[in-house]
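Engineer: Quick one: the structure is below, questions incoming.
The values are calculated or read from the model by the stated rules, or taken from the named source; none is laboratory data. Quantities reported herein were computed from a predicted structural model and do not represent experimental measurements. Virtual Cβ from ideal backbone geometry, glycine too; neighbours counted across all protein chains shown. For accessibility, only protein heavy atoms count, side chains too; no ligands or nucleic acids. Shrake-Rupley method; radii C 1.70, N 1.55, O 1.52, S 1.80 Å.
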Amino acid sequence: MQLRKHQREFKEIIDGIVAGSPVRKIIINATPGSGKSLIPVLAGQLIASGKADKLCWICPRMSLQNQGEHNFIDRRFRDLLEHRLTIRASTNDVNPARGTDGFITTFQALGVDRDQTVLSEFRRRRYVLIVDENHHAEAEDGAWMKAIAPLYSAAAYVVFMSGTMLRGDKKKIAFMPYLDSGDGVFVPCFSETEDTAFIEYSRTDALTDRSIIPLSFILHDGQARWEKDGQEKASKISTTTPMARDALFTALHTGFAQELLETAIGHWQGYKRDRLSSRLLVVAANIKVTKEYTEFLQGKGLSAVIATSEDDKEAAKAIKAFKAGKIDVLVTCQVAYEGLDCPAISHIACLTNIRSEPWIIQMCGRAVRIDPAAGPYEAQRGFIFAPADRMFLELARKIETDQTSAFALLSSSREKSAGEGDGTGGGPSITPLESRMIGQGGIEDLPLFGG
């Protein structure tokens, strides 16, 4: 096992701090699935060197706490870094580390820490603060921003890391630098300063490093019919007209969704014959539908469980069973598409109408991890089944462009090496009536702006 480009760069920054560098804040923008989970372990060197006393890792959800806790005792990481640090999951406990080197908590827990037990702990000891998927903290009066702000001020060192430095609502991310690009439009500005370092690890970087696997998009168009304001309307999902949102919502709440799910299941079952570890992630439109999908999957004899925001504890149990290989299919809504580290996920059925660039990137990132049990790297690929609506098509094309760039770089590198001999919700106010699939295939089969 070797460190990846962004991990190496981070270690170099930490080594510099140990040697006397004034850097206090590190921002990491690393494509989903590429290995951010090793960053807190690497940051532990600040404790080992005497620069800090403890580490606090803030993650988006309870289901990720167990994952983070186990990263510190992962034998691969211990052998690679020769460390013996440990942390524990905590929820606003007094003395949260309890004899370990730190703790991992959630945004939600901090938001209800009215006694400020975590802040009191930060004031007693020199902390390294790790904010995971920091785009969740909105800058303008965000509740989580307010909870993190005093910790940010009290920490000895701060690390922000995300798979996307964008928010779906276009608002600013807390604690991030921005520039006014004109007309009041602010864009992230990640230039380095004396006390701030920035690391960028793109999808192209990750594919070139072979730290993630490429994706294939199997997108389907469909015909939808619905009623709105007393009138019946109909359209393709791929339309570029104002009816696009209603068509997508209808499709994902009527027959189209069932057809798309069955198509994804069939493809996954065929793939699984040769790769027994392969698992399927189903991302549903709402909690009610997750239950319907789960019953449908179980009725087909498949082992399937639910993980939703309705019950965090049950979701954590379901995700743990899914990751352990005890369950083949995880059906989720509002959780598990972000931060879920399960390399065996080879297929994702996207059956939700949520559309934003960071959301789609995060969701697709669940299928880019390398599965050690699935054979050689070259034989692995993630498959995304989704509606062929305009936004998903556009994002899929961006991802495939990144992949093409990475393959070109790898090909050029191999040619050079040979020459020298060197040897990875809610909906509109309409009444959905019916929908059906009318097209299928990869994105190359569908027009980007087809109406």
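Engineer: In region 109-148, how many residues are of a type in the set (S, T, Y) and over 29 Å from G33 (Cα atoms)? Working first, answer last.
Structural biologist: First, pick out the residues of region 109-148 that are of a type in the set (S, T, Y): 117, 120, 127.
This time we only want the ones that are over 29 Å from G33 (Cα atoms), so: 117, 120.
So the count comes out to 2.
Engineer: What single numbered condition from (1) within 30 Å of Q7 (Cβ to Cβ); (2) of a type outside the set (A, V, I, L, M, F, W, C); (3) over 26 Å from the mean Cα position of the chain (by Cα) fails to hold for S277?
Structural biologist: Condition (3) is where S277 drops out.
Engineer: Name the residue that is farthest from the chain's Cα centre (by Cα), counting only residues in region 298-328 that are of a type in the set (S, T, Y) and assigned to a loop (DSSP other than H, G, I, E, B).
Structural biologist: Quick first cut of region 298-328, residues of a type in the set (S, T, Y) only: 303, 308-309.
Checking which are assigned to a loop (DSSP other than H, G, I, E, B) leaves us with 303, 309.
Working: S303: 24, S309: 16 Å.
Among those residues, the one meeting the criterion is S303.
Engineer: In addition: Can you pull out the residues in region 80-103 that are β-branched (V, I, T) and crowded, with 16+ Cβ neighbours inside 10 Å? Let's see the steps before the verdict.
Structural biologist: Step one: filter region 80-103 for residues β-branched (V, I, T), giving 86-87, 91, 94, 100.
Scanning region 80-103 gives I87, T91, T100.
Engineer: Can you name every residue in region 273-295 that is crowded, with 18+ Cβ neighbours inside 10 Å and part of a helix (DSSP H, G or I)?
Structural biologist: V289, T290, Y293, T294, listed by residue number.
Engineer: Considering only region 336-386, how many residues are at pLDDT below 90, in a helix (DSSP H, G or I) and in contact with an Asp or Glu (Cβ under 8 Å, 6 or more places away or on another chain)?
Structural biologist: Going through region 336-386, the residues at pLDDT below 90 turn out to be 336-341, 353-362.
Next, from what is left, pick out any that are in a helix (DSSP H, G or I): 357-362.
Next, only the ones that are in contact with an Asp or Glu (Cβ under 8 Å, 6 or more places away or on another chain) stay: 362.
The total comes to 1.
Engineer: Could you please find all residues in region 45-79 being modelled with pLDDT under 90, open to solvent by 30 Å² or more (accessible area, probe 1.4 Å) and hydrophobic (A, V, I, L, M, F, W, C)?
Structural biologist: Of everything in region 45-79, just one residue is modelled with pLDDT under 90, open to solvent by 30 Å² or more (accessible area, probe 1.4 Å) and hydrophobic (A, V, I, L, M, F, W, C), namely M62.
Engineer: Tell me the residue from T106, T91, T100 that is at pLDDT 90 or above, closer than 15 Å to D53 by Cα and hydroxyl-bearing (S, T, Y), please. Full working, then the answer.
Structural biologist: Values: T106 fails: closer than 15 Å to D53 by Cα; T91 fails: closer than 15 Å to D53 by Cα.
Just one listed residue meets the conditions, T100.
Engineer: Next question, about the same structure. Please go through region 184-208 and give me each residue that is among the hydrophobic types (A, V, I, L, M, F, W, C) and at pLDDT below 90, ordered by number. Give the derivation first.
Structural biologist: From region 184-208, those among the hydrophobic types (A, V, I, L, M, F, W, C) are 185-187, 189-190, 197-199, 206-207; that's our starting set.
Correct list: V185, F186, V187, C189, F190.
Engineer: Then there is this: Looking only at residues that are in a loop (DSSP other than H, G, I, E, B) and touching a strand residue (DSSP E or B) at 6+ places or on another chain (Cβ under 6 Å) in region 1-24, which one is least open to solvent (accessible area, probe 1.4 Å)? Write out each step before concluding.
Structural biologist: So the first thing to find is which residues in region 1-24 are in a loop (DSSP other than H, G, I, E, B), and the list is 1-4, 19-24.
Cutting the leftovers down to touching a strand residue (DSSP E or B) at 6+ places or on another chain (Cβ under 6 Å) gives us 23-24.
Details: V23: 18, R24: 67 Å².
My answer is V23.
Engineer: Another question, then. Could you please find all residues in region 303-343 being under 22 Å from D371 (Cβ atoms) and among the charged types (D, E, K, R)?
Structural biologist: Passing the criteria: K320, K323, K326, D328, E338, D341.
Engineer: So is R123 open to solvent by 50 Å² or more (accessible area, probe 1.4 Å) and in contact with a Phe, Trp or Tyr (Cβ under 7 Å, 6 or more places away or on another chain) or not?
Structural biologist: Values: open to solvent by 50 Å² or more (accessible area, probe 1.4 Å): yes; in contact with a Phe, Trp or Tyr (Cβ under 7 Å, 6 or more places away or on another chain): no.
The answer is no for R123.
Engineer: Report yes if some residue within region 25-36 is over 28 Å from L207 (Cβ atoms), assigned to a loop (DSSP other than H, G, I, E, B), open to solvent by less than 30 Å² (accessible area, probe 1.4 Å) and touching an Asp or Glu at 6+ places or on another chain (Cβ under 8 Å); otherwise report no. Working first, answer last.
Structural biologist: Applying the first criterion (over 28 Å from L207 (Cβ atoms)) to region 25-36 yields 25.
This time we only want the ones that are assigned to a loop (DSSP other than H, G, I, E, B), so: none.
Checked region 25-36: no residue is over 28 Å from L207 (Cβ atoms), assigned to a loop (DSSP other than H, G, I, E, B), open to solvent by less than 30 Å² (accessible area, probe 1.4 Å) and touching an Asp or Glu at 6+ places or on another chain (Cβ under 8 Å).
Engineer: When you check A315 against the structure, is it open to solvent by less than 50 Å² (accessible area, probe 1.4 Å), at pLDDT below 95 and more than 17 Å from C59 (Cα to Cα), yes or no?
Structural biologist: Values: open to solvent by less than 50 Å² (accessible area, probe 1.4 Å): yes; at pLDDT below 95: yes; more than 17 Å from C59 (Cα to Cα): no.
It is false that A315 is open to solvent by less than 50 Å² (accessible area, probe 1.4 Å), at pLDDT below 95 and more than 17 Å from C59 (Cα to Cα).
Engineer: Answer yes or no as to whether V331 is in a loop (DSSP other than H, G, I, E, B) and either acidic (D, E) or closer than 25 Å to M62 by Cβ (or both).
Structural biologist: Working: in a loop (DSSP other than H, G, I, E, B): no; either acidic (D, E) or closer than 25 Å to M62 by Cβ (or both): yes.
The answer is no for V331.
Engineer: Hey, which of the strands (runs of 3 or more DSSP E) in region 57-163, taking only ones fully inside, have at least 1 residues that are touching a strand residue (DSSP E or B) at 6+ places or on another chain (Cβ under 7 Å) and more than 28 Å from K323 (Cα to Cα)? Reasoning before the result, please.
Structural biologist: Values: elements: 102-106, 127-132, 157-162.
Where strands (runs of 3 or more DSSP E) fall fully within region 57-163 and carry at least 1 residues being touching a strand residue (DSSP E or B) at 6+ places or on another chain (Cβ under 7 Å) and more than 28 Å from K323 (Cα to Cα), they are 127-132, 157-162.
Engineer: Let me ask you something else. Look at I438 and say whether it is of a type in the set (V, I, T) and either open to solvent by less than 60 Å² (accessible area, probe 1.4 Å) or at pLDDT 85 or above (or both). Let's see the steps before the verdict.
Structural biologist: Working: of a type in the set (V, I, T): yes; either open to solvent by less than 60 Å² (accessible area, probe 1.4 Å) or at pLDDT 85 or above (or both): no.
Criteria not met by I438.
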